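Since the structure comes first, as structure tokens, the remarks are kept for the end.
The values are calculated or read from the model by the stated rules, or taken from the named source; none is laboratory data. Note that this is a predicted model, so its numbers are computed, not measured. Because the Cβ atoms are built from the backbone with ideal geometry, glycine has one as well, and the counts that use them run over all protein chains shown.
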Amino acid sequence: MGELPETNPEVTRGPRASRPKKQRSAIAQIGAITAVAVAVYVGFRVMPTGTNLSHMDFRVEGENTLQMCDPGNPQFLPVVNVRSPVSLALSPSAAVPRAGEEWTTTLRLTTYQGKAIGPADLWRVHTEFLHLMIIDPDLLDYHHIHPQPTDTPGEWQFSFTPRYGGEYRIFADFTPAATGLGLYASAQVLVEGAAPSAEEVTAAQVPSWRSQIAGVDFELKPIAEKGATKAAQAEATSEVRARREVTMRLALSRADGGEVPLLPIMDAFAHVVAFDIGRTGFAHLHPQETDLNTPPDPQNPALTFRVLIPSPGRYVAWAQVNHAGTERFAPFWFEVK
């Protein structure tokens, strides 16, 4: 028999075998890494969190619904005008809330299907499971409250002292453990007592980037991005525009040149909550300076916040700080063009 013709081993082994050994090794490594990543993801998804609720319990089908939000992407949320997958209801109380008097009550937090939401179902965010932002009709009286769970599943107790009479609005800010994303709900409570005078309302709602509380000057104003042109700087520092992300700078000082030491409050050196004039929603902002081991300069403390406001109109932003062990709240009224 004659000799068989010579063949090219790289050709006869097919395209898979024709790949260089290093390339085949790299492909195998990528496959292994992908398999491990998928396994870790699945593991985290099925890992028990202490909650009996799933991410599907925090979904509402249909249009005009409130979606869960990324806490790293702060923006104004129209809570009142959309359907939330969570219900916030104040429990019937024998005590009627009155202006100038502390009022204690309970609220019930449930999913859209009526399942109770307790501390095991929520992440502790900024040291608390549940944040309440309470505001009066004229946006002159703001409270940041943290309800505590009771022995009844889904029931939380809290107290606050309203300054005026009128229908106060309560916004809840929380993060379900099943999703890791922020959610919101709202309720109303009618407070007996006198409302602020028209003169008081008009004087308080004058647009201003400055506020003075207990001898401390507060300034909250938009600032330009680094490297911006002079024209862009002038525009950024003079106005806030709808649907455009803006950076705001909160600065504190004293007229006598004294120090203004800031202490952490809820895992941050300041919090800012903004409301629109109609109280349709709010934006809960935290400073970009997140290292609690590096406090702001006590002589001239300054912090920056980012926010996106979708609609034009009049807004108020309430800054909350811990000044030398005392909580201070400073309001800033501004127009969104």
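Filter region 97-111 for residues that are surrounded by 12 or more Cβ atoms within 10 Å (Cβ to Cβ) and farther than 13 Å from Gly154 by Cα; which is nearest to the chain's Cα centre (by Cα)? Among residues in region 97-111 that are surrounded by 12 or more Cβ atoms within 10 Å (Cβ to Cβ) and farther than 13 Å from Gly154 by Cα, the one nearest to the chain's Cα centre (by Cα) is Thr105. Evaluation of Glu335 against the conditions (1) closer than 20 Å to Pro222 by Cα; (2) in contact (Cβ under 8 Å) with a residue 60 or more places away in the chain; (3) surrounded by 14 or more Cβ atoms within 10 Å (Cβ to Cβ) shows that the sole unmet condition is (3). Of everything listed in (1) in contact with a Phe, Trp or Tyr (Cβ under 9 Å, 6 or more places away or on another chain); (2) surrounded by fewer than 14 Cβ atoms within 10 Å (Cβ to Cβ), the single unmet condition for Phe275 is (2).
Give region 141-155 a look and list any residue that's surrounded by fewer than 19 Cβ atoms within 10 Å (Cβ to Cβ) and out of contact with any strand residue (DSSP E or B) (no Cβ under 6 Å at 6 or more places or on another chain), or say none. Answer for region 141-155, where residues must be surrounded by fewer than 19 Cβ atoms within 10 Å (Cβ to Cβ) and out of contact with any strand residue (DSSP E or B) (no Cβ under 6 Å at 6 or more places or on another chain): Asp151, Thr152.
Take the residues in region 85-113 that are of a type in the set (A, V, I, L, M) and touching a residue at least 12 places away in the same chain (Cβ under 8 Å); name whichever of them is farthest from Asp151 (Cα to Cα). Among those residues, the one meeting the criterion is Ala99. Residues in region 117-159 that are of a type in the set (Gly, Ala, Ser) and in a loop (DSSP other than H, G, I, E, B): Gly118, Gly154.
Total residues in region 161-181 satisfying the condition of being assigned to a strand (DSSP E or B), of a type outside the set (Lys, Arg) and either at positive phi or buried (at least 20 other Cβ atoms within 10 Å of the Cβ) (or both): the figure is 8.
Yes/no per residue for (1) surrounded by 14 or more Cβ atoms within 10 Å (Cβ to Cβ); (2) more than 30 Å from Asn81 (Cα to Cα); (3) in contact with an Asp or Glu (Cβ under 8 Å, 6 or more places away or on another chain); (4) modelled with pLDDT under 95:
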residue	(1), (2), (3), (4)
Arg210	no, yes, yes, no
Glu219	yes, yes, no, no
Ala231	no, yes, no, yes
Glu245	no, no, no, yes
Ala270	yes, no, no, no
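Restricting attention to region 116-167, the residues that are touching a Pro at 6+ places or on another chain (Cβ under 6 Å) and of a type in the set (Phe, Trp, Tyr) add up to 4.
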